[in-house]
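The values are calculated or read from the model by the stated rules, or taken from the named source; none is laboratory data. In this text the structure is predicted, and so the values were computed from the model without any measurement. Note that we place each Cβ from the backbone using ideal geometry, even for glycine, and neighbour counts take in every protein chain shown. Note: areas computed on protein heavy atoms with side chains; ligands, DNA, RNA excluded. Shrake-Rupley method; radii C 1.70, N 1.55, O 1.52, S 1.80 Å.
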Amino acid sequence: LTQANVADNNAHVLTHLLDNLKGQCFGDRGYLSSLFSEFYQNGLQIITKLRRKMKNMLMPLGDKLKLRKRGLIESVNDLLTSIFDIEHTRHRSPINAQINILAGLIAYCFYHTKPSIVIAPQKHLYP
């Protein structure tokens with residue numbers, strides 16, 4: 001968790017969050033920074049959508065599907081902050097902040113219209 005006035009694509013925040021991680025990190029276009037090659041050398045692959053003037057490259061299907069899941073996670077985070085009010089800046093104790101987040105997550109479990117990804121069936125070109 002970071003303060004509201006700190007961007008999560010800040011170089012200092014990224015090095016702190018992704019330090020000693022290996023594998024894959026899925027993020028938005030802002031994560032493509034000068035630290036990209038440094039993370040790659042340390043064993044962390046950052047996967048994002050392409051920027052406007054970037055060269056198009058092939059991506060494994062599994063990575064593409066995982067990148068689509070990122071949009072679902074963002075919409076759940078939006079629901080938690082807008083409807084269930086877990087984003088509150090004036091807690092008087094850390095325990096109160098954690099209880100507020102836990103109550104928002106419990107309320108989300110009982111929410112009827114959760115976001116989902118609709119995968120359309122494949123159309124076969126040949127009968």
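Some values worked out for this structure:
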item: Heavy-atom accessible area ranking, 1.4 Å probe, most first, across E38, E87; result: E87, E38
item: Additional length obtainable on full extension of the chain from N10 to M54, 0.36 nm per residue less Cα span; result: 13.7 nm
item: Inverse mean reciprocal Cα-Cα distance (Kirkwood Rh) of the range 69-122, Å; result: 12.5
item: Label point distance in nm, A97-S75, each placed 7 Å from Cα along Cα→Cβ; result: 3.0
item: Low-density loop cleavage sites - trypsin sites (Lys or Arg not before Pro) in the range 35-121, where at most 16 other Cβ are within 10 Å (DSSP); result: K49, R51, R52, K53, K55, R90, R92
item: Nearest-10 value in Å² for the accessible area of V118, using the 1.4 Å probe; result: 120
item: Pairwise label distance in nanometres, E38 with L65, each label 7 Å out on the Cα-Cβ vector; result: 3.5
